[in-house]
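Each reported figure results from applying straightforward, stated rules to the coordinates on display, with no laboratory input. A quick note: this is a predicted structure, and the numbers were derived from the prediction, not measured. All Cβ positions, even for glycine, are placed from backbone atoms using ideal geometry, and neighbour counts span all protein chains on display.
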Amino acid sequence: MTGRETLLSIEGLTKAYPGVIANSDVSFRIGLGEVHALLGENGAGKSTLVKMIYGLVRPDAGRMLLRGAEYAPADPHAARKAGVAMVFQHFSLFEALNVAENVSLGMENPPSQGQLARRIREVSQAYGLPLDPARLVGDLSAGERQRVEIVRCLLQDPKLLIMDEPTSVLTPQEVEILFRTLRQLSAEGTAILYISHKLEEIRALCDTATVLRLGKVVGTCTPRAKSARELAEMMVGKLLNETRRSGSAPGAAVIEVQGLSVRSPNPFGTALKDVSFSVRRGEVLGIGGVAGNGQDELLAALSGEVSAPKGAVMLNGTDIGALGPNGRRSLAVLSAPEERLGHAAAPDMSLTENAVLTGAAREGLVRGGFVNWGKARAFAERIIREFDVRTPGPGNAARALSGGNLQKFVIGREILQRPDVLVVNQPTWGVDASAAAAIRQALLDLAEGGTAVIVISQDLDELMEIADRFAALNEGRLSAPRPTEGLSIEEIGMMMGGAHGMEVAHAQG
Amino acid sequence: MLRLEKRPVPSRAWTVATPVLAVLLTMVAGGVMFQLLGKDPFVAIRTIFWDPVFGEFAWYFRGQLLVKAGPLILIAVGLSMGFRAGIWNIGAEGQYIIGAICGAAVGLAFYPLEAWFIFPLMVIAGGLGGWAWAMIPALLKTRFRTNEILVSLLLVYVAEQLLAAMALGRLRNPEGGGFPGSRNLSQYPSAANLELIPGTGMHWGVVAAFVAVIFGYILLQRHVLGYQIRLAGQAPRAARFGGVNPNRLVVFCLGLSGALAGLAGMFEVAGPAGQISIDFNSGYGFTAIIVAFLGRLDPLGILLAGLLMALTYIGGENAQSNLGLPSAAIQAFQGMLLFFLLALDLLSNFRVRLATRKVKT
């Protein structure tokens, strides 16, 4: 611990939800101007903890002191008044409004638009986050939208800024810009509570780290003094298996995408522009890129939810662009979308029913128009068994499963159907480390068996770990795929679009 | 302080128990209201719930129960399919009218021929009429993305005008002395939808309602189409991912509910109503929407809800005539039933807890 004056001290915070203890007796302190990391796996209780600090959730027990005074915000409004601001992982911005309008919506007594625009310009320049207050938010990149959120917080002159997984939407270059801003804020005395599970970032940025596991504090450390592996072990509590890759050479091209251009089904989506790539038998193609650059659209065009122009999607030389999802499934082209609840699975339906969602044809679950529920149940049970899905049984509703378990179910459902081509979007998003490792291993094993695997992900480490070749989506265009071996982080960043033309206004570079 | 917690899975016990609890609460709250109106609450409740089934004149009312419940159930089963898929046919009343007009027109066209095939032809015409009327919102929705709620609802008023035109024009009884209204089909044996078992109220429409309940149940539980209907209603994106064609589903659901409403209209005009008249329709198409939701969009639930609804209508009329209760009080009573049912629905999805706050503030 450094000798800083304490800004916020958290003493014995406890919060339980039915069946889960989200936080149990959590205590730590944040000094003035300190960059404090809150490190933990998904489900470790980080979100609940910051929601309590930000007044969104009330603790069951324990107390907080802000500069020595009792601090118990009844709502985020009270938290902001006390000088606590938060930038959420998912932005709350209106795409059809401009930057200044969005900022003023969050304010108690917004000044006139002209005055506000000037303030936004001043603050954003001062912290190296240039923003044009008159631009429509719908036209901004994810990195720029995050700037809007940050500037919105900075206008309140916060003493503590909470940032929830801020880098998940940024390219490496954009991360660098953000870190400079955060360091500047910290130098001026603003404390930052930085939530992440990305270890290298925390080592680069933070002064202190509090590690949470299963709702409890398992340790406090100075991240710079630890290796990433040591931090990972503190976070997970055990040694992680490393994925094994076979060295077998890929075979002939199975799926070829040639000049694919598709409009997005939703108005603020990204159209695909002239996307071309091919994937060979036994090969894993990793597709990176910042969220919202055409990932959903690419998956939809490959799964058959959106039909592709003539000749744009070829399977072993046959045009499959006009086929719908079930037509492609019958040809062993399977997919698993990013959004688990509502897209890959129906939340209120049982796992058995969800097994029928994509397994109907290939597993012979429907006969003469009637669903064979016995067989469907057996298929669901097989997925649960082989992919270690933790659930009381296949009769449980999909929404009753944790994110990681449902993801294992969704991926398992496709893998067990013996795909020739498998497309997955964000296969390990929101999944705890050991489950994520299992999913990655399953994808690698599948490729070893001869499947062409396309992994769309925003987790660059994941893509470097499992992909043979890497390409990045940027504003609907796909860069030319390159072998992952020997690819540097700068090169990847440039493939993802660099800093997206966002200027850097940091005084001393 | 009470607090609600969402259940991970809806409670089965409460799903079954809430309708019973709702009826009991309605009796209590309704009893208080009747008391305030100066009537004996026990007599009033008995008149509404008990007398139609077990009272002195039950031999008459029991028949009425099926006559009233039949069309409600038949229409509601059709509607529930669409409602489950998120396709809102609010115009069953119009499809009911058109079904009646088409069925009656076919029957009257053969008058006075006596032949076995006339009634089956009328059934087909009735179903087709309702189906065709429902195809208007279906095609407009699939082609031009119009809102099926508005289109189907507004078509009810078109159908009513058509009904009046028919009763006064093409279908008017030529021997009726100029009075509006068609010939009485119940006096035309080949076209009449008569009581199958005397005194029970059981006619072909009631049979059709029971058949619809069974088929609806099988469709939803076993058939892939029923699976797709439920899927599309709960998670439209997942449905598209699962290969469901949304347009085909719109056409199927609107077509099915239209055809069943048309059949209900046809059985009504050939049976209990007897003739096409200006005021032939009596709101079954709208009440069926309530019945569908009371029955939780489940065919078996709809069967019970239809019977319960018919009971409160018959019992309510009795209470009006025997006890002199104002009709507004009866409507309020029926409203309470709906209110309690929907309010208690909360219990199957949420758990109510006494909040215990230990936070030191």
With labels modelled as points extended 7 Å from the Cα through the Cβ direction, what inter-label distance (nm, one decimal) is found for A:GLU108 paired with A:SER227?
5.1 nm
For the protein assembly as shown, with the dipole built from +1 on Lys and Arg beta-carbon atoms and -1 on Asp and Glu ones, taken about the Cα centre, which of A:VAL123, A:PHE379, B:VAL16 lies farthest toward the positive end?
B:VAL16
With each pseudo-label sitting 7 Å past Cα toward Cβ, what's the B:GLN35-A:GLN156 distance in nm, one decimal?
5.2 nm
For the range B:11-48 and the range A:271-342, what is the separation of their C-alpha centers, rounded to whole Å?
57 Å
Sort B:LEU153, A:LEU351, A:LEU478, B:LEU113 so that the residue with the fewest other Cβ atoms within 10 Å of its own Cβ comes first and the one with the most comes last.
B:LEU113, B:LEU153, A:LEU478, A:LEU351
Does a label point 7 Å from the Cα of B:ASP279, set along Cα-to-beta-carbon, have any residues of the range B:172-193 with amide nitrogen under 15 Å, and which are they?
B:180-181
As a test, work out the antiparallel percent of DSSP beta bridges whose residues both lie in the protein assembly as shown, rounded to the nearest 5.
55 percent
Please name which of B:ALA264, B:PHE179, B:PRO198 has its Cα lying farthest along the dipole of the range B:65-292 towards the positive end, using unit charges on Cβ (Lys, Arg +1; Asp, Glu -1) and the Cα centre as origin.
B:ALA264
Would you order A:ARG67, B:ARG296 from fewest to most other beta-carbon atoms within 10 Å of each residue's own beta-carbon?
A:ARG67, B:ARG296
Between A:ARG482 and A:ARG382, what is the label-point separation in nm under the 7 Å Cα-to-beta-carbon projection?
4.2 nm
Amide H contacts of A:LEU8 (H built 1.01 Å from N, under 5 Å, at least 5 apart or other chain):
A:ILE30, A:ARG67
Take every Cα-Cα distance within the range A:6-236, group them into 5 Å bins from 0 onward, and report for each bin the whole-number percent of pairs it holds.
1, 7, 15, 18, 20, 16, 12, 7, 3, 1, 0
Per-residue average of other protein chain Cβ atoms inside 10 Å, peptide B:230-239 -> 6
Thinking of the range A:262-406 as a set of Cα atoms, what percent of all their pairs are more than 19 Å apart?
60 percent
Taking Cα centroids, how far is the range B:101-171 from the range A:157-202 in Å?
67 Å
Based on the alpha-carbon set only, what is the convex hull volume of the protein assembly as shown divided per residue, in Å³?
204 Å³
Just the ratio, please: alpha-carbon radius of gyration of the range B:78-197 over 2.2 N^0.38 Å, N its number of residues.
1.21
Any idea what the dipole of the range A:251-315 comes to, in debye rounded to 20, about its Cα centre with Lys/Arg Cβ at +1 and Asp/Glu Cβ at -1?
140 debye
Once the principal axes of the Cα atoms of chain B are found, what is the range along each, listed largest first in whole angstroms?
85, 59, 33
Peptides A:140-152, B:193-205, A:405-417 ordered by average Cβ neighbours within 10 Å, highest first:
A:405-417, A:140-152, B:193-205
With +1 on the Cβ of every Lys and Arg and -1 on the Cβ of every Asp and Glu, and nothing else charged, how large is the dipole of the range B:65-292 about its Cα centre, in debye rounded to the nearest 20?
1000 debye
Most exposed to least, judged by fewest other Cβ atoms within 10 Å, A:VAL123, A:VAL99 sort to A:VAL123, A:VAL99
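Taking the Cα centre of the range A:6-236 as origin, work out the dipole magnitude from +1 charges on Lys and Arg Cβ and -1 charges on Asp and Glu Cβ, in debye rounded to 20. Intermediate values should be presented prior to the final figure.
On the way: 26 positive and 26 negative charges, 76 e Å.
In total the dipole reaches around 360 debye.
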To the nearest 10 degrees, how steeply does helix A:403-415 sit against the main Cα axis of chain A, on a 0 to 90 scale?
20 degrees
Would you work out which of A:THR6, A:PHE88, A:SER24 lies farthest towards the positive end of the dipole of chain A? Charges go on Cβ: Lys and Arg +1, Asp and Glu -1.
A:SER24
Wrap a convex hull around the Cα atoms of the range B:219-361, take a quarter of its surface area, and give that in square nanometres.
15.6 nm²
Estimate the FRET efficiency between B:ASN247 and A:ARG263 by the formula 1/(1 + (r/R0)^6), using the beta-carbon distance for r and 22 Å for R0, to the nearest 0.05.
0.70
Pop the C-beta distance of A:THR6 and A:ALA96 into the FRET formula with R0 = 45 Å and round what comes out to the nearest 0.05.
0.55
Candidate aspartates and glutamates for bridging to A:LYS216, where Cα separation is under 19 Å - those fewer than 8 sequence places away on the same chain excluded
A:GLU11, A:ASP25, A:GLU41, A:ASP60, A:ASP164, A:GLU230, A:GLU233, A:ASP432
Please compute the Kirkwood hydrodynamic radius over the range B:141-227, one decimal place, Å, based on all pairs of different Cα atoms.
17.2 Å
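Per residue of B:31-43, how many C-beta atoms from partner chains lie within 10 Å of its own C-beta, taken as a mean?
That average works out to 0.
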Given a Förster distance of 60 Å, report the FRET efficiency between B:SER327 and A:ALA249 from their Cβ-Cβ distance, rounded to the nearest 0.05.
0.10
Using only helices, what value at 222 nm comes out for chain A when you add -39,500 (n - 2.57) per DSSP H run of length 4 or more and divide by the total residues, to the nearest 500 deg cm²/dmol?
-9500 deg cm²/dmol
Using only the alpha carbons, work out the radius of gyration and Dmax of chain A in angstrom.
23.8, 74
